[in-house]
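Q: Submitted below is the structure of interest, expressed as structure tokens.
The values are calculated or read from the model by the stated rules, or taken from the named source; none is laboratory data. Everything numeric here is computed off the predicted structure, so don't read it as measured data. Cβ coordinates were reconstructed from backbone atoms using ideal geometry, including for glycine residues, and neighbour counts include every protein chain displayed. To get the accessible areas, we keep the full protein, side chains included, count just its heavy atoms, and leave off ligands, DNA and RNA. Shrake-Rupley method; radii C 1.70, N 1.55, O 1.52, S 1.80 Å.
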Amino acid sequence: VLLFDRREERLLVGEFATGSVYDVARRGQGPAEFDAVFALVPVAGDTTIAADMSRRWLILVGDSVVRKFLPQYPALGYASAPIGGDASGRVLVRAHGAATPDSMPVVLIDRGSGNAETIARIANEGKRGDSKTPGAGGSFQIRRVPLQTSESPLLFSDGWISVVRIDPYRVDWRAPDGRWTLGKPILPRSVRLTAAERAAYLARKPGFRT
């Protein structure tokens with residue numbers, strides 16, 4: 001199993017049969033090195049993208065680093081980490097840089113050619129916006145609402161894409177040929193938050209205390 005340890009900043013392989021754990025790369029700025037891995041995304045075959053906090057991708061085949069994409073790579077102009085890959089070499093990303101106060105694009109990128117296609121827009125996570133207009137320009141801030149769910153896309157290995165929608169709650173599907181099928185709305189069920197759950201959340205997210 002390929003895994004990363006954020007606390008120790010290690011990229012590792014764990015073998016269940018023997019109980020051994022060994023490093024597959026080390027921290028640094030070299031061709032096969034990383035800064036701080038924060039996501040592992042399986043793509044075609046035994047290939048995995050290790051997304052780095054410094055906007056780089058390590059490409060691993062099995063437990064070997066075979067390539068490194070730097071921030072100049074077209075896909076990294078949209079997002080620092082993909083949210084799924086398929087067997088044909090495509091990855092799906094959220095285009096945070098093109099977000100508006102209400103939504104952000106979901107972009108499908110071909111890793112070989114760099115071609116990008118916006119296939120959907122999703123509502124921003126936990127929207128609580130404060131608009132400001134400093135000087136002649138404009139900007140906005142979006143603060144996350146505690147415990148709020150978000151719309152979520154995912155690319156599967158066979159090329160199908162799912163998008164979980166919030167209002168109304170449903171799952172939409174995009175076939176590999178680009179055709180969409182809208183899911184049937186699912187009636188929500190209200191669940192009351194207990195005092196213990198609220199305390200546990202605040203303990204993990206102290207910034208929400210204020």
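Q: Just checking, which of 150, 157 is polar (S, T, N, Q), open to solvent by less than 40 Å² (accessible area, probe 1.4 Å) and touching a residue at least 12 places away in the same chain (Cβ under 8 Å)?
A: The conditions single out 150.
Q: Look through the range 170-201, keep the residues that are within 16 Å of residue 158 (Cα to Cα) and among the aromatic types (Phe, Trp, Tyr), and return whichever of them is surrounded by the most Cβ atoms within 10 Å (Cβ to Cβ).
A: 173
Q: How many of the residues in the range 25-48 are open to solvent by less than 50 Å² (accessible area, probe 1.4 Å) and among the polar types (S, T, N, Q)?
A: 2
Conditions (1) buried (at least 16 other Cβ atoms within 10 Å of the Cβ); (2) of a type in the set (A, V, I, L, M); (3) modelled with pLDDT of 75 or more, marked per residue:
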position: 67; (1), (2), (3): no, no, yes
position: 76; (1), (2), (3): yes, yes, no
position: 89; (1), (2), (3): no, no, yes
position: 101; (1), (2), (3): no, no, yes
position: 129; (1), (2), (3): no, no, no
position: 135; (1), (2), (3): no, no, no
